[in-house]
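These notes are about the structure you will find just below.
We did not get these values from a lab; they are worked out from the coordinates using the rules stated. As the structure is a prediction and not an experimental result, all values here were calculated from the model. Neighbour counts are summed over all protein chains in view; Cβ atoms, including those assigned to glycine, are modelled from backbone coordinates with ideal geometry.
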Amino acid sequence: MATARDAAPLTELAWDLLNYHAGLTPEGTVPLQTYGEFEAVWAPYLHDFLLEPDSEAMVAELNGRLVGYSLLALRDRPPIFVGPPDVIIAELLVAPEHRRAGIGAALMAAAYEWGRKRGAGYARLHVYEANADAMGFYEHEGFIPHERVLLKRIDGGDGDG
């Protein structure tokens, strides 16, 4: 579980995630130019996320350094669907230099356990199709395609998104 002392290193990892996603899907990423700009919008987001009931931040540390995190939320299924709630893995990041060392798998195992303790029946996440490494990781974790998320820009901006 994350603590207040994890806020700064978690924010640094989240900045790395934003920049990575900006390269994959620039149409869906806020164009923040500096770390200061990012920190100004990220800190309130993280604060508000963690104030939500049934939300949690998990961290992975190695030699006293934060090297990964996940943001989790428990969400009920709409009443037209049968079954227990889902644990949503809203974000997962392992620092690039520590990938393929079991840290992501450990964060996922912690997410599953967190969800099970709260009655979740499934883990659910979104992943960019262009992110081949993440797709492979999640498939290795046992995730299967379940639904397709489609995106269309409607606000008059350039591109179809």
Checklist entry - Taking the Cβ of Arg148 as the center, what net charge do the other residues with Cβ under 14 Å away carry, scoring Lys and Arg +1 and Asp and Glu -1? => result 0
Item to check | Where labels lie 7 Å past Cα in the beta-carbon direction, separation of Met1 and Asn19 in nm | outcome: 3.2
Item to check | Length-normalised contact order for the chain - Cα pairs under 8 Å, 6+ apart - percent | outcome: 18
Item to check | Extension gain, Arg118 back to Ala130 (0.36 nm per residue minus Cα-Cα distance, nm) | outcome: 1.1 nm
Next on the checklist: Taking amide H atoms as placed 1.01 Å from N in the peptide plane, list the residues 5 or more away in sequence, or in a different chain, whose amide H sits under 5 Å from that of Ala95.
Outcome noted: Gly68
Checklist outcome for this item: the range 131-148 and the range 35-58 have their Cα centres apart by a whole-number Å value of 25
Checklist entry - Calculated from DSSP H runs of 4 or more alone, at -39500 (n - 2.57) each and per residue, what is the 222 nm mean residue ellipticity of the chain, nearest 500? => result -12000 deg cm²/dmol
